[in-house]
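Engineer: Dropping a structure here in C-alpha cells format, bear with me for questions.
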C-alpha cells in the first residue's frame with residue numbers, strides 16, 4: 001500500500017490524514033447511517049427486514065479517510081467480537097427467522113481469519129440463513145492477507161452462496177498483487193463484486209471511472225455499487241455534488257456495457273436504505289428523494 005500511495009496521489013489522498021478533516025459542516029454526522037441506534041447486540045446491526053450486518057472487528061489493514069465508521073474503526077476497546085458476543089448474535093438471529101442474509105463488515109472481516117472461521121461455522125449452520133456476503137478492502141490495502149487461513153475460513157460456507165464485495169476506488173489499485181488476491185477469492189466464492197465511493201479529487205471524472213470499471217470487469221469483478229460519499233464528519237472534503245455524479249454516470253453509461261456499469265446510490269443519512277440516484281437520461285429533480293420509509297429528504 002505504501003508504494004502505491006507514494007506513486008499515486010489519488011491513492012494517497014484516501015489514506016493520509018489531511019488538515020481538511022478539521023473542517024466542520026453542520027450537515028454531516030458522526031454516525032450518518034444511525035448504526036449505533038440499530039445495534040441490537042454487540043456487533044449486530046439490524047435495519048432491514050430480511051438482512052443483518054455483523055461488524056466482526058473494528059480493525060482494518062489500512063484506514064480510509066472517508067470511512068462512514070471512522071468514529072469506531074481502529075478502536076482498541078471495541079476490538080474484536082468475543083465468543084460471548086457471537087453466541088448473543090446467534091441467539092438473536094434464531095429469534096428472528098425473517099433474517100435470511102448476513103453481511104460481514106467492520107473494520108475488515110478478512111483481517112481476523114480465526115474469528116471469521118469460528119463465526120462462519122455458527123452462522124452457516126443456521127437453516128434460516130440463505131445468503132452470506134462480505135465487504136473487504138484487503139485486496140487493495142494488504143493483498144498478502146488473502147492467505148490459506150482466510151481461504152480456509154471462507155470454505156466453511158458450503159450450503160449458502162458466498163458473495164464478496166471488494167472495494168476499489170482508482171485504476172492503479174488494480175495491481176498484479178490485488179488481481180492475484182481477487183483470483184484466490186474467486187476460487188472460494190460464488191461471485192466477486194466491487195463497491196466504490198465517489199470521492200472528490202480521487203475518481204471524480206468519466207475517464208478515471210471508465211478505466212476503473214473496465215479494468216474490474218476484465219478481471220472478473222462485477223461493479224456493483226458506487227456510492228455518494230456518506231455525510232460523515234471529517235470526510236466533508238471528499239463529498240461531491242450529486243448533480244456532478246449524475247452527469248458522470250450519464251456519460252459512463254454511454255461507454256460501458258451493462259455488465260461493467262454499477263448502480264449509483266445514496267445511502268440515506270437517517271439509515272433508511274440505499275436509494276438509486278436518478279439518471280440524466282430523464283428529467284428529474286435532484287434536490288429531493290424518498291427513502292425506504294417513504295420520507296422525503298433533501299440532498
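Engineer: Restricting to region 10-58, give me the number of residues that are surrounded by fewer than 12 Cβ atoms within 10 Å (Cβ to Cβ) and assigned to a helix (DSSP H, G or I).
Structural biologist: Qualifying residue count for the region: 2.
Engineer: Something else: Just to check your reading of the model, which residue among 270, 293, 203 is in contact (Cβ under 8 Å) with a residue 12 or more places away in the chain and closer than 27 Å to residue 180 by Cα?
Structural biologist: One residue alone meets the criteria, 203.
Engineer: Follow-up question, since we're still on this one. Across region 112-153, what is the total count of residues that are closer than 24 Å to residue 47 by Cβ, part of a helix (DSSP H, G or I) and touching a strand residue (DSSP E or B) at 6+ places or on another chain (Cβ under 9 Å)?
Structural biologist: 6
Engineer: Another question, if that's okay. Which one is nearest to residue 20 (Cα to Cα) among residues in region 86-100 that are in contact with a strand residue (DSSP E or B) (Cβ under 8 Å, 6 or more places away or on another chain) and surrounded by 18 or more Cβ atoms within 10 Å (Cβ to Cβ)?
Structural biologist: Ranking the qualifying residues of region 86-100, first place goes to 89.
Engineer: Provide a single number: the residues in region 210-229 that are closer than 26 Å to residue 189 by Cβ and under 17 Å from the mean Cα position of the chain (by Cα).
Structural biologist: 10
Engineer: Out of all the residues in region 257-267, which are in contact with a strand residue (DSSP E or B) (Cβ under 8 Å, 6 or more places away or on another chain) and more than 20 Å from residue 282 (Cβ to Cβ)?
Structural biologist: The answer is 259, 260, 267.
Engineer: Criterion first (surrounded by 18 or more Cβ atoms within 10 Å (Cβ to Cβ), more than 17 Å from the chain's Cα centre (by Cα) and under 29 Å from residue 143 (Cα atoms)) does residue 61 satisfy it?
Structural biologist: no
Throughout, read-outs are computed from the coordinates displayed, never taken from laboratory work. Computed from a prediction, not measured in an experiment: that's the story for all the values here. Positions of Cβ are generated from backbone atoms using ideal geometry, with glycine treated the same way; all protein chains shown enter the neighbour counts.
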